[in-house]
Amino acid sequence: MKNITLCVIVSLLLVAGLMGCRSEPPKPPARIAFVRERDGNSEIYVMNADGSNQINVSNDPGPDGFPVWSPDNSRIAFMSARDGQVEIYVVNADGTGLKRLTEPDSTNALPAWSPDGKRIAFVSDRTGNAEVFVMDADGSNPTNLTKNDADDGARSGVAWSPDGKKIAFDSDRDGDLEIYAMEADGSSPTNLTRSSALDGFPVWSPDGKKILFMSNRDQNVEIFVMDADGGNPINLTKSGKANVRPQWSRDGRLIYFLSDRGGTRELYTMAPDGSNPTMITRDANTDSLATLSPDGKHFVYVANRDSHTQIFAIDVDGKNEVKLSSSDSDDSTPVWSN
């Protein structure tokens, strides 16, 4: 009897231990959100990484665009003019649970999820000029963070630092377009670029120590990097041609961007110090921002090779291009889930 009782107790302890050590459920397989325009109407779609199972998740006669995945990949924020003004909506990744987050009395645009998924920063003209606002992820508690008579965030939106403590944005409050950073509550706005040129499109490095940005301070539009406090700005591209839309790889070891240096606008990569620039696509002739898969192995991008823009995937080294969308519509703005 004692042996049986001991066995039962040990078994219960083992089960309790195993249950206490269970890991978080794995994320669902990577998916791609994109915009499909057909017959003058644009919709948000989601598809598998191989292009299969394409689902319309916005499904409205009004124009929809700018899909942004929530950090946990369960929801997509997007912009829509279905109610007469450009507003911010959110929908579950399967197309259920559609909800408008902003009120249709002003333009509300360019949503950006906080790293923890609890808040969404956005740009609104509800005060008469473009300001950076933040709201809870359910649309409650909208708060004006910038409170300035200039236009803030109107050109390139906002960018959260990886730790969620700061927000970078563009502003013309000093007479020309500059990049600012502020605390996530709107305090301590600081001009990071301090240049007479046009500076915009800030992108934080994964470790939060650097910021990529675009500038025409060397005549052409080039890609620069600076310290997070604005120090040590360096021109990374120096190609004499337009270089735009820079992004970091998720591990910070690679920068990818679009460039005209080869005659058509193509996807390139380079090291964080600007070395080893490499053309990835051929004849894509694209203006659409490319994004990198969660495992860092594949790009998804738009190519304009025939009468319609279509979405392609390609290995990070430029090999094994695969066409993911094939329709009588124009597909654009592909975004990998996190």
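Listed here are the residues, each with its yes/no results for (1) in contact with a Ser or Thr (Cβ under 8 Å, 6 or more places away or on another chain); (2) at pLDDT below 95.
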residue: PHE299; (1), (2): yes, no
residue: ASN304; (1), (2): yes, yes
residue: SER307; (1), (2): no, yes
residue: GLN310; (1), (2): yes, yes
residue: ASP315; (1), (2): no, no
residue: ASN320; (1), (2): no, no
residue: SER326; (1), (2): no, yes
residue: PRO334; (1), (2): yes, no
residue: SER337; (1), (2): no, no
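Residue by residue, here is whether (1) without any contact (Cβ under 8 Å) to a residue 60 or more places away in the chain; (2) out of contact with any Pro (no Cβ under 7 Å at 6 or more places or on another chain); (3) open to solvent by less than 30 Å² (accessible area, probe 1.4 Å) holds:
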{"position": "LYS241", "(1), (2), (3)": "yes, yes, no"}
{"position": "ARG245", "(1), (2), (3)": "yes, yes, no"}
{"position": "GLY262", "(1), (2), (3)": "yes, yes, no"}
{"position": "THR281", "(1), (2), (3)": "yes, yes, yes"}
{"position": "ALA290", "(1), (2), (3)": "yes, yes, yes"}
{"position": "ASN320", "(1), (2), (3)": "yes, yes, no"}
{"position": "ASP328", "(1), (2), (3)": "no, yes, no"}
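Within segment 293-316, can one find any residue that is under 21 Å from ALA77 (Cα atoms), open to solvent by less than 20 Å² (accessible area, probe 1.4 Å), touching a strand residue (DSSP E or B) at 6+ places or on another chain (Cβ under 6 Å) and not in a strand (DSSP E or B)? Within segment 293-316, one or more residues are under 21 Å from ALA77 (Cα atoms), open to solvent by less than 20 Å² (accessible area, probe 1.4 Å), touching a strand residue (DSSP E or B) at 6+ places or on another chain (Cβ under 6 Å) and not in a strand (DSSP E or B).
Tally the residues that are assigned to a strand (DSSP E or B), buried (at least 16 other Cβ atoms within 10 Å of the Cβ) and within 23 Å of the chain's Cα centre (by Cα), restricting the search to segment 183-220. If you could, list the steps in order and put the result at the bottom.
Going residue by residue through segment 183-220, those that are assigned to a strand (DSSP E or B) are 183, 190-191, 199-204, 210-218, 220.
From what is left, the residues that are buried (at least 16 other Cβ atoms within 10 Å of the Cβ) are 199-204, 210-215, 217, 220.
Pick out the ones that are also within 23 Å of the chain's Cα centre (by Cα) and you get 199-204, 210-215.
Residues flagged as assigned to a strand (DSSP E or B), buried (at least 16 other Cβ atoms within 10 Å of the Cβ) and within 23 Å of the chain's Cα centre (by Cα) within segment 183-220 amount to 12.
Does ILE88 fit the bill of being touching a residue at least 12 places away in the same chain (Cβ under 8 Å) and under 18 Å from the mean Cα position of the chain (by Cα)? In short, yes.
Take the residues in segment 55-85 that are hydroxyl-bearing (Ser, Thr, Tyr) and free of Cβ contacts under 8 Å to residues at least 40 places away in the same chain, then tell me which one is farthest from ASP331 (Cα to Cα).
First, pick out the residues of segment 55-85 that are hydroxyl-bearing (Ser, Thr, Tyr): 58, 70, 74, 80.
Now restrict to residues that are free of Cβ contacts under 8 Å to residues at least 40 places away in the same chain: 74, 80.
Working: SER74: 22, SER80: 17 Å.
Filtering first and then ranking leaves SER74.
Please go through segment 221-239 and pick out each residue that is at positive phi and open to solvent by less than 20 Å² (accessible area, probe 1.4 Å). The answer is GLY230, and nothing else.
Tell me the strands (runs of 3 or more DSSP E) entirely within segment 95-182 that contain at least 2 residues that are farther than 19 Å from ALA77 by Cβ. So that I can check it myself, show each step before the final result.
Numbers: elements: 108-113, 119-124, 131-136, 158-160, 166-171.
Counting at least 2 such residues, we get 166-171.
You will find that of THR143, THR102, the residue that is among the polar types (S, T, N, Q), open to solvent by 40 Å² or more (accessible area, probe 1.4 Å) and either more than 20 Å from ASP229 (Cβ to Cβ) or modelled with pLDDT of 95 or more (or both) is THR143 and no other. Inspection of segment 17-25 identifies no residue that is open to solvent by 20 Å² or more (accessible area, probe 1.4 Å), modelled with pLDDT of 95 or more and not small (Gly, Ala, Ser).
The values are calculated or read from the model by the stated rules, or taken from the named source; none is laboratory data. What you see is a predicted model; the values in this text were computed from it and never measured. So basically every Cβ, Gly included, is an ideal-geometry build from the backbone, and we count neighbours across all protein chains shown. Just so you know, the surface numbers come from the protein's heavy atoms only, side chains and all, with ligands and any DNA or RNA stripped out. Shrake-Rupley method; radii C 1.70, N 1.55, O 1.52, S 1.80 Å.
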